[in-house]
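What follows is a single structure, written as structure tokens, with notes after it.
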Amino acid sequence: MKARQPHPAVQRNLALIGGRGCGKTSLAKRIARDNRNFTLLSLDVLIRTEMGGLGIPEIVEQEGWGGFREIEFRVLQRAAAFENGALLDCGGGIVVDLDAEGREQLSARKVDLLRERCLVVYLRRDTGYLESRIADDPARPPLSGEASFREIMERRDPWYESTAHWVLDCGRRSKTALAEEVLAEFARRGGLGEAIPAPA
């Protein structure tokens, strides 16, 4: 049997951000498979756990988007508290809070926490691609009754960009190529150390 190669130690937390459908979850799984010293944390799964297993649409229906963002912040606080080695698969609205009128605004508290506790990469994709990925997905509740998805993404794009330590324009590259690029840049920024055996 071929000996398992040791994986580099993970010395920072890594957070993946970007719009709905950009591939954060599948890429996070690929990265965690490529380096098993990461602890993969899906914030949406943690939010569902916090809410007794309810689906995201049910949580939004029950709490409203404002309530959902509060739960998201609490969950992010716990996930980002890892000293190192956490791989955060963040929801599309991780950079968002709502103002007193219920309009989206940049979330200074979540952005500060992400940038302080993690190296953050923005997975940028064409909005048309994102729309094709999320069309008619019942697991994704509507973001707004007024603004289109394209309008929302145009508003959020500079927020994602200013939150991230670097931007990855994904294009049509494979998950394997994207994972390799993320890990290479993560290592260049001090996120990886000496090789140690991965957890069994």
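Bear in mind these aren't lab numbers, they're just calculated from the coordinates by the rules spelled out. All figures in this text were calculated on a predicted structure; none of them were measured in a lab. Heads up, the Cβs are rebuilt from the backbone with ideal geometry, glycines too, and the neighbour counts pull from every protein chain shown.
Working only within the range 153-181, note down all residues that are of a type in the set (A, V, I, L, M), out of contact with any Ser or Thr (no Cβ under 6 Å at 6 or more places or on another chain) and part of a helix (DSSP H, G or I). Answer for the range 153-181, where residues must be of a type in the set (A, V, I, L, M), out of contact with any Ser or Thr (no Cβ under 6 Å at 6 or more places or on another chain) and part of a helix (DSSP H, G or I): 177, 178, 179. Applying the set (1) among the β-branched types (Val, Ile, Thr); (2) closer than 20 Å to residue 112 by Cα; (3) free of Cβ contacts under 8 Å to residues at least 40 places away in the same chain to residue 45 leaves exactly one unmet item: (2).
Quick one: would you say residue 29 is surrounded by 19 or more Cβ atoms within 10 Å (Cβ to Cβ) and closer than 25 Å to residue 187 by Cβ? The answer is no for residue 29.
Taking residues in the range 166-184 that are without any contact (Cβ under 8 Å) to a residue 60 or more places away in the chain, and partners anywhere that are among the basic types (Lys, Arg) and outside any helix (DSSP H, G or I), the pairs with Cβ atoms closer than 6 Å and at least 6 places apart or on different chains are 167/124; 169/124.
Looking only at the range 46-58, decide whether some residue is buried (at least 21 other Cβ atoms within 10 Å of the Cβ) and either more than 26 Å from residue 150 (Cβ to Cβ) or not basic (Lys, Arg) (or both). No, because not a single residue in the range 46-58 is buried (at least 21 other Cβ atoms within 10 Å of the Cβ) and either more than 26 Å from residue 150 (Cβ to Cβ) or not basic (Lys, Arg) (or both). Within the range 98-121, the residues that satisfy the criterion of being in a strand (DSSP E or B) and within 23 Å of residue 86 (Cα to Cα) are 118, 119, 120, 121.
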